[in-house]
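Reading through the structure tokens given below for one structure.
The values are calculated or read from the model by the stated rules, or taken from the named source; none is laboratory data. No experiment lies behind these values; they were computed from the predicted model shown. When we count neighbours, we look across all protein chains shown, and the Cβ atoms used for this are built from the backbone with ideal geometry, even at glycine. Areas reflect the complete protein model, heavy atoms only, side chains present, ligands, DNA and RNA absent. Shrake-Rupley method; radii C 1.70, N 1.55, O 1.52, S 1.80 Å.
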Amino acid sequence: MPRAALAAKHVVQVIFVLLACASFSACGGDAKRSENVVQKVSPTPWTIMVYMNAKNNLEGDAIDNFYEIAQVQGIDRVNLLVEMGRPKNHYSKVDEAWDGVMRFRVTGKESKPRRASALDALGDVDMASPETLRRFVEWSMEHYPAQRYMLIVWNHGQGWRFQRALKKQLRDQGARRAVSDVTLADLSNADTPGVGGFRAISYDEDSGNLLYNRQLQDELQGLAKSGKRIDVLGFDACLMAMVETAYAFRSISKVMIASEELEPGAGWPYLDWLSRLVSKPSATPQEVGAMVVEAYGRRYGNNYLTTLSAIELGRVEMLAQKISALSTTILQSPQEMDALVHVRKGVRGYGDWATPSLGFSVDLDFLLRSLEKMTTNATVLARSHDVRQELGRTVIRVYASSRLLNEYGGAGLAIYYPNGRTEFDRDDYRDGYRVSNTFHPVEFVQKEAWSQMLAGILGI
């Protein structure tokens, strides 16, 4: 998978329907009201909403993750809701090979991603539409109230390479290899469309659309203002653990879980962390974030360039202010700008190993540690230290493989910084980092000084 945001592995309509024929395509996408009656239930400790957009080549991974969730003993102690989409042109023919979008409540091993288990069949709705995601959240909160809510946006941006290349390699070898035997070189695959990293997620192959982060931000912001607040926002996708992303959702959720790097195709270890949650349903959002991160570390260890972090979103505003203070200081000194340019050349960007190379984002802590080794400017040193201290308070829990730490860093949050103007121009979504941009603008770019500093350094 590197899935959701390859800066590398770089978020509903309530129509109660049931298919009237064997497949959506067989009946032209029309759907009828589901026979599975949705009833409003008493509040539980947690309602977990998985927006599983597999209307793309992650279709097989979605089915695998669904069955992994169903293996969790006692999963019915929480509300585990999945809105799953499958494409018209299938990558996997298992479980009836239906296409379109269905809603499920996973209650145990008897739950399967098939029509008979679906609560609703929505037809061929666009899972890149912000309205589709919003309606899923509204429906979930209305029918499955809880003390706390978690939304997981399951998809990929440019992170398609791991799983596609791995499957091809296994087919060619005619055998199944252990995950630990597969190297990063095995996982490179260039024949995938680009998606805008921290600026977009949730690609729908049928519609050809993707969901911009700003669209997701605006929809969830509206829900939060109406009292429908999410406690944990998770991205089972690539390259989403960025300052820009955390800033966008700082007033929307309490905790964000995301990866600075590409994610492997298997994604999050649902059986592991959900088992721990159902055994402790009173867990706080911060504890749930730690559960997911720790489980991710247990699954992937030191085999890949992998990382995952849980972020305290309530601290992101202060972190951004300190980044802006540092940026302003550097911008006022040509010598310090030159020093930062020199430092950036020695810091690897996440996804720079992929084909085509990305590398547009870097670990913020790793970059600033390198700057502090070079500069003698007392103000820059002090403000860089302030940023790193605040970053340490903002990151609740972080896992990073030893391979990643040695070459890229992995303190929990990345930031956009292409290595020069040529690399910036190679970014198909570079306009998102221009202060003048009005197309789904990035709020961090609009309001904080980092973008102004980069404009000076890159000449944009």
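Identify the GluC sites (Glu not before Pro) of segment 61-146 meeting these criteria: DSSP loop state and at most 15 other C-beta atoms within 10 Å of the C-beta.
Hits after loop and neighbour filter: E110.
Measuring against 19 Å, Cα to Cα, the residue pairs K228/K280; K55/K88; K55/K225 contain K228/K280; K55/K225 as the ones spanning a longer distance. Each 10 Å bin from zero up to the one holding the largest Cα-Cα distance in segment 327-416 carries the following percent of pairs: 16, 47, 30, 6, 0. Protection proxy ranking, highest mean first, for peptides 313-320, 258-265: 258-265, 313-320, where packing is the per-residue count of other beta-carbon atoms within 10 Å, averaged.
If the chain linking M337 and S357 were pulled fully straight, counting 0.36 nm for each residue of separation and taking away their Cα-Cα distance, it would gain 4.7 nm.
Calculate what fraction, in whole %, of the accessible area of segment 388-460 sits on carbon and sulfur atoms when a 1.4 Å probe is rolled over the protein chains.
Exposed carbon and sulfur together represent 44 percent of the surface.
Residues R344, R426, ordered by accessible area of protein heavy atoms at a 1.4 angstrom probe radius and largest first, appear as R426, R344. P(r) tail for segment 66-122: Cα pairs beyond 15 Å make up 46% of the total. On segment 252-308, 51 percent of the accessible area sits on carbon and sulfur atoms, based on a 1.4 Å probe. Put D425, D338 in order of accessible area, highest first, and with a 1.4 Å probe you get D338, D425.
With a ≥ b ≥ c the root eigenvalues of the C-alpha gyration tensor of segment 356-460, is it rounded (a/c under 1.5), prolate (a/b larger than b/c) or oblate? It comes out prolate by the Cα gyration axes. Per-residue packing, averaged as other Cβ atoms within 10 Å, sorts the ranges 209-216, 233-240 into the order 233-240, 209-216, beginning with the highest. Binning all Cα-Cα separations of segment 239-374 at 5 Å, short to long from zero, yields these whole-percent fractions: 2, 9, 15, 17, 18, 16, 11, 6, 3, 2, 0, 0. The mean of 1/r over all distinct Cα pairs in segment 290-351, once inverted, gives the Kirkwood hydrodynamic radius of 14.9 Å.
At full extension, R403 and Q73 could sit 115.4 nm farther apart than now, given 0.36 nm per residue minus the alpha carbon distance. Averaged per residue, segment 322-379 has 42 square angstrom of accessible surface, using a 1.4 angstrom probe with ligands and nucleic acids left out.
Would you kindly state how much longer the chain becomes between R298 and E317 on full extension, computed as 0.36 nm times their sequence separation minus their alpha carbon distance, in nm to one decimal?
3.7 nm
Amide H to amide H distances under 5 Å link T306 with S401, L404, where only residues 5 or more positions off or on other chains count and H is placed in the peptide plane.
For segment 236-316, a/c is not less than 1.5, where a ≥ b ≥ c are the root eigenvalues of the C-alpha gyration tensor, and a/b does not top b/c. That puts it in the oblate class.
Using the Cβ-Cβ distance between E131 and R421 with R0 = 45 Å, the FRET efficiency computed as 1/(1 + (r/R0)^6) comes to roughly 0.75. Short-range pairs are left out: with C-alpha atoms under 8 Å and at least six residues apart, the relative contact order of segment 270-423 is 35 percent.
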